[in-house]
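The values are calculated or read from the model by the stated rules, or taken from the named source; none is laboratory data. Keep in mind it's a predicted model, so treat the numbers as computed, not measured. Cβ placement follows ideal geometry from the backbone for every residue including glycine, while neighbour counts extend to all protein chains displayed.
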Amino acid sequence: MDYNDNKDNLIKLPDGFEIDITSFINVIPENLFNPKEVEDCNGLIDMIESAVKLEDDNENIHFASIMYNNIVLSGGNTFLKGFEQKLSSELKPENMIIAGENRDISAWMGGSIVTNLSSFNNMWVNKEEYFEYGKNVIYRKSI
């Protein structure tokens, strides 16, 4: 992702002072894909491949192709300039990436839909249940 030719990288502050954010714009999005340059952790492509491999080990090879063909972008960072193109170029060309218009609020939209389902009431965990069963109560309630 390269933003060097973008004139919008010059930001004028309320006091009139101008700052060039080009170096930040180039570095920050790239860290989502190659974070090892900053911190010892996995990048986005590694995380996608790990998630698919976990399912591959537990299910069958067909499930991996289904997952790779249904990658859904969600969250504000997916609006970064060139994000979708970089993700596409680093994955196999036949992978399908779905980028909806409201992906910055899609988690909130999904949460509001789920919480309005009548079946969701049975999944609630109250304080007493949590202290009695611990964090594993979530697995008992979500099945």
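For the reader, a short list of remarks on this structure follows.
- For region 61-99, a residue qualifies if it is part of a loop (DSSP other than H, G, I, E, B), among the aliphatic types (A, V, I, L, M), buried (at least 16 other Cβ atoms within 10 Å of the Cβ) and over 11 Å from the mean Cα position of the chain (by Cα), and the qualifying residues are 80, 91.
- Residue list for region 102-143, filter: surrounded by 10 or more Cβ atoms within 10 Å (Cβ to Cβ), of a type in the set (Asp, Glu) and part of a helix (DSSP H, G or I): 129
- Boolean, residue 40 is in a loop (DSSP other than H, G, I, E, B), acidic (Asp, Glu) and loosely packed, with under 13 Cβ neighbours inside 10 Å: yes
- Taking each residue of region 15-34 that is in contact (Cβ under 8 Å) with a residue 24 or more places away in the chain and on the phi < 0 side of the Ramachandran plot and looking for partners that are loosely packed, with under 12 Cβ neighbours inside 10 Å and not in a loop (DSSP other than H, G, I, E, B) with beta-carbon atoms closer than 9 Å, six or more apart or interchain, yields 30/37.
- Residue 52 vs. criteria surrounded by 11 or more Cβ atoms within 10 Å (Cβ to Cβ), at negative phi, at pLDDT below 85 and of a type in the set (Val, Ile, Thr): yes
- Failed criterion for residue 24 (all others in (1) assigned to a helix (DSSP H, G or I); (2) under 14 Å from the mean Cα position of the chain (by Cα) hold): (2)
- Some residue of region 8-15 being surrounded by fewer than 10 Cβ atoms within 10 Å (Cβ to Cβ), at pLDDT 75 or above and among the basic types (Lys, Arg): yes
- Residue under evaluation residue 45, criteria (1) free of Cβ contacts under 8 Å to residues at least 24 places away in the same chain; (2) part of a helix (DSSP H, G or I); (3) within 16 Å of the chain's Cα centre (by Cα); (4) surrounded by 11 or more Cβ atoms within 10 Å (Cβ to Cβ), criterion not met: (1)
- Contact map, region 122-143: first residue touching a residue at least 12 places away in the same chain (Cβ under 8 Å), second residue surrounded by 10 or more Cβ atoms within 10 Å (Cβ to Cβ) and among the basic types (Lys, Arg), Cβ cut-off under 7 Å, separation 6 or more or different chains; pairs are 123/141; 125/141.
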